1. Give me the one-decimal Kirkwood hydrodynamic radius in Å for the chain, with the sum taken over alpha-carbon pairs.
2. For a quick check: sort 397, 42, 190 by the number of other beta carbons within 10 angstrom, fewest at the front.
3. If you take the square roots of the eigenvalues of the alpha-carbon gyration tensor of the range 339-493 and sort them as a ≥ b ≥ c, do you get rounded (a/c under 1.5), prolate (a/b over b/c) or oblate?
4. What is the ratio of the Cα radius of gyration of the range 9-134 to 2.2 N^0.38 Å, with N the residue count, to two decimals?
5. Give the peptides 124-132, 100-108, 149-157 in descending order of average Cβ contacts within 10 Å, highest first.
6. Taking only DSSP H segments of four or more residues, each worth -39500 (n - 2.57), what value at 222 nm results for the chain once the sum is divided by all its residues, to the nearest 500 deg cm²/dmol?
7. Arrange 381, 200 by Cβ neighbour counts within 10 Å, fewest through most, would you?
8. Using Cβ contacts closer than 10 Å as the measure, can you line up 56, 284 from fewest to most?
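Where a number appears in this text, it was derived from the coordinates with a stated rule and is not lab data. Please read these numbers as outputs of a predicted model, since none were measured by experiment. For neighbour counting, all protein chains shown are included, and Cβ atoms are generated from backbone atoms with ideal geometry for every residue, glycine included.
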């Protein structure tokens, strides 16, 4: 059977999908890698961990699929943070990923040099800690010797693609998420790069996401268990790849995702900019398409943190749901702010911090877990309310990500938003970014004719979680308390 390979390089793990040219998932593989924190507020990863995990995950997925012939390879990847190569294309230390906060103190400086409104109009976003624009400014201030050695910067999925093809490039969707890209013109924002005094030579060539970007070389092919010469697509950032996998291309249907972070994704036929810089306008994986993104930094990450801190490592997430479900809405006055690594939309505050407020002797593990789930849901509602201030409204919301695989959390979010959430019948709907990556590989290889054909493979969103009117009012009261807390603590943070 002929098939495609989609490699989704996430923050915590790489997931690999073997996808048939008839639109079915044939096999899955995954492998984890650590986030390194050499100093408080820093978040790094070793790109060689990405590569070794990819080798393991690809082999696992191929075995699960029965070793079909692969006709095309595509990529999806975590956004914003660069892998850094020297002038001989060798790694210059660890990659500084999106969760890194070391550059937070330099954001105001960047905005004063360029202008916040100008950044929003050209780059579609205010600068944020962990974005390439802020990381490079940090190098200018604190590690100029390393900056001088840089030959090129690659986004995470671009590094793994470089490992298998030798091609140095990125795509417009990933480049758009650096804060240094002209999103309307789909080219590097040379004017802003010049204002900031950054070297032009370090920015790689930009390709279309479904464009061939090299072929699989013999040595990495042997490591992966594949034949050499397979066409490899440039690929895309994880959010647009997931949208491609879900068929979210045209305006009118958006998605809410709870994974390591949380995202609200809205496809656009033309760029829409938030002049206050609370949201991100980025390039979609399709030419002449864009999307509006609201992103929170710590969603599933916060739940995983709570599970570890509460010594519940041996307790399944299903059991945690049961503990939380036994607690009333509002967690009996306990409120959680999920800002463990600062926050992006809509606060754009790298100094915001996670908080439990209202603790009493009555509160136990179930209350704490419920407060975490509610706090993340409330933060997602704030993002959607901010999107609607731009006059962009969605007819339907698709629920994606492992977090919303939980019936409790999905119902909680539907009640919090007071809107229905749609979910696909595909049991592996959490792997749609990998499916999107495989589709990009199929288009690049000529196996698929284009995005319209790929849309026929999108899941049917026939599982609907309706808001419960009896609970909506209780969540409304709890949400009002949540919204009060950050403004009271902002100065203290």
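1. Result for the chain stands at 22.6 Å.
2. With the sparsest Cβ surroundings first, the list reads 190, 42, 397.
3. prolate
4. 1.33
5. 124-132, 149-157, 100-108
6. -11000 deg cm²/dmol
7. Going from least to most buried by this count: 200, 381.
8. Ordered from fewest to most neighbouring Cβ atoms within 10 Å, 56, 284 come out as 56, 284.
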